[in-house]
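The values are calculated or read from the model by the stated rules, or taken from the named source; none is laboratory data. Computed from a prediction, not measured in an experiment: that's the story for all the values here. Glycine gets a Cβ as well: all are built from the backbone with ideal geometry, and neighbour counts include every protein chain shown.
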Amino acid sequence: MTDNVDLPRLSSSEEISGLLELSGERSVMVFKHSTRCPISTFAQREFMSYLPGARERGVHCVMVLVVEDRPVSLELAERLGVRHQSPQAILVRDGQAVWN
C-alpha cells in the first residue's frame, strides 16, 4: 500500500531508542503492520485516516513492518512489555506503553 510514504518506518534498534527518548517529550503512536495479512491492511487504512488528527495534536506516528523488520518488532514488544501482535497500535509516553 502506498500510503506508507507519509508514515516513517521504524527499522532499527537505534530508532527504537530514539523513539522511546522522544516519547518523553511527546506522545508516540506505533502501528505494527503485517504486509501479508488482509486484516492488517484494513487496520492500516483505519490508522492512516487517524494520522492528520494525531499530528495536529502533536502525536508522533511511526510504522513497524512486522514481516520485513521482525527483529525490530520483537525488540519493541520486549522493551515496551507488550505482546507481539499485528495489526497493533501502541501509544507510548515516557518510554512506556500506556495503551495498545
Given (1) surrounded by 14 or more Cβ atoms within 10 Å (Cβ to Cβ); (2) of a type outside the set (Val, Ile, Thr); (3) assigned to a helix (DSSP H, G or I), index of the condition Ser86 fails
(3)
Would you pick out the residues in the range 23-78 that are of a type in the set (Ser, Thr, Tyr), more than 10 Å from the chain's Cα centre (by Cα) and surrounded by 13 or more Cβ atoms within 10 Å (Cβ to Cβ)?
Ser23, Ser27, Ser34, Thr35, Ser40, Thr41, Tyr50
Within the range 89-100, of all residues that are within 17 Å of Glu15 (Cβ to Cβ) and under 12 Å from the mean Cα position of the chain (by Cα), the one surrounded by the most Cβ atoms within 10 Å (Cβ to Cβ) is Val92
Within the range 7-30, identify whether any single residue is hydrophobic (A, V, I, L, M, F, W, C) and modelled with pLDDT under 95, and answer yes or no.
yes
So the check is Cβ under 9 Å with 6+ separation or different chains; which pairs have a first residue in the range 9-30 that's among the basic types (Lys, Arg) and a second one that's assigned to a strand (DSSP E or B)?
Arg9/Val62; Arg9/Met63; Arg9/Val64; Arg9/Leu65; Arg26/His60; Arg26/Arg93
Please count how many residues of the range 61-76 are touching a residue at least 40 places away in the same chain (Cβ under 8 Å) and either of a type in the set (A, V, I, L, M, F, W, C) or part of a strand (DSSP E or B) (or both).
7
Checked the range 44-100 for anything of a type in the set (D, E, K, R) and within 13 Å of Arg26 (Cβ to Cβ); matches are Arg55, Glu56, Arg57, Arg93, Asp94
